[in-house]
1. At 7 Å along the Cα-to-beta-carbon direction for both ASP275 and GLU21, put a label point, then send me their distance in nm to one decimal.
2. Please give the calculated 222 nm ellipticity per residue for the chain, where each DSSP H segment of at least 4 residues contributes -39500 (n - 2.57) and the sum is spread over every residue; nearest 500 deg cm²/dmol?
3. For region 128-266, count the residues as N, evaluate 2.2 N^0.38 Å, and divide the Cα radius of gyration by that value, please.
4. If I histogram all Cα-Cα distances within the chain using bins 5 Å wide from 0, what percent of pairs lands in each bin?
5. Report the Stokes-Einstein translational diffusion coefficient (µm² s⁻¹, integer) for region 131-182, Rh taken as the Kirkwood radius over Cα pairs, at 10 °C with viscosity 1.306 mPa s.
6. Counting pairwise Cα distances across region 174-239, what percent come out greater than 16 angstrom?
7. About the Cα centre, and with charges only on the beta carbon of Lys, Arg (+1) and Asp, Glu (-1), how big is the dipole of the chain? Nearest 20 debye, please.
8. Pulled fully out, how much extra length does the chain show between ARG244 and GLN147, if you take 0.36 nm times their separation in residues and subtract their Cα-Cα distance?
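Read the figures in this text as sums done on the coordinates, not as results from a lab. Remember, it's a predicted structure, so these values are computed and weren't measured experimentally. Backbone-built Cβ (ideal geometry, glycine too); neighbour counts: all protein chains shown.
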Amino acid sequence: MRPPRGRLHPSRGALDPGVSEAIAQRLASEDPDERAAACRETLAQPAPELIEPLITALGDPVKAVSSAASEALARAGGEVAVVPALRRALRDGDPVRELGAALTLARLEPPDVRLLPALVRGLELPDQKRRWWAAKLLVETGRVEGQVLPVLLGLAADHPDPAVRRMTRYCLRELAPDDPSVAATLAAGTRDPDLQARRAAYTALASLLCPPSSVFELLAAALASEDDGACRRIATVALAQLGRANPEQIDEHVLRALRTAAEDPDDPDLRRGADRTLEVLRTAAR
C-alpha cells in the first residue's frame, strides 16, 4: 500500500463528469476486481468529485481495493480536499478505513501523533498484513514522535489481545532496542501465557543493544525452565547474538546453562542450537 516516501504530483485535470459518475458507480460494485479497477482508473487524472468515494474504498475488506484507493488518493494529494478528507477518515469508526487513511496520509506528509489512534486500532485487525502495515508505520512515527514509545510499552505489557502484544514487541525491537524500559518490557513478555506472544518476546530480546545482565540470566534460565521447545531454541539464538556483541556479559552461569542444554537428551534441536551458541561465544571471547 505504501511505495517510497515523497511528495506526489498533484492532479493535472479532472475527468468528464459522466466518466466520474460511472467510476463512482463501479467503486460501489459487488465485484472487488471491478472496484479495484475503478480505483486504478482515477490514477491518470484524479477527479475531486471522486475523493469521498475513494475514501470509502479505503475501508474495503479486499486489500487490493483498499490499496488501489490509497494509491489514487496519494496521487490526488495536490487536491485541496484530499488531506482534510483523510484526516476526517482517521476518526471514521471503521478501523480498516482509519488505517488506510493513516497509511495514505503518511505518504503525503510526515507522520505525527494524530495517526496514533488509527494505527493502534490497526494492530487489532484480524488481517495479518494490515497489522504489519500498522506496526511499520507505528515504528516510523515513533522515530519522530516521542509519545509513541510509551504507548507501545503499555500495549506490549497488558493489551488483552495477544496478537497486539506480539506485534508491539516487534515494534519495540525496531524502535528502541537500546532503551532499558524496552528490555524490561520484553523480559516480562517471556512470561506471557500466550505462546506466540511469548515467542515474540524472546525473539525481540535478541535485538537489544547493551542489554542488562538480567537479560542474559533470563535467557540462560529459559534453556532449562521454559516449557516451549521453540522458546528454548530462540533463547540460544538470542544468547549467541547478544553474546557476540557483548562478550563481557557472558559469565560461567550462562556457559554452564548452555553446556547443559547441549547435552539435553530429549531435544536435538536445542542441543544443536546450544552447540552453535557455544562456538559463537568461544569465537567472540578470543
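1. So the label points at ASP275 and GLU21 sit 7.6 nm apart.
2. That comes out to -20500 deg cm²/dmol.
3. Ratio of Cα Rg to 2.2 N^0.38 Å: 1.05.
4. In order of increasing distance, the bins hold 1, 6, 12, 13, 13, 11, 9, 8, 7, 7, 5, 4, 2, 1, 0, 0 percent.
5. Roughly 148 µm²/s, to the nearest whole number.
6. 35
7. My answer is approximately 660 debye.
8. Net length gain for the segment: 31.7 nm.
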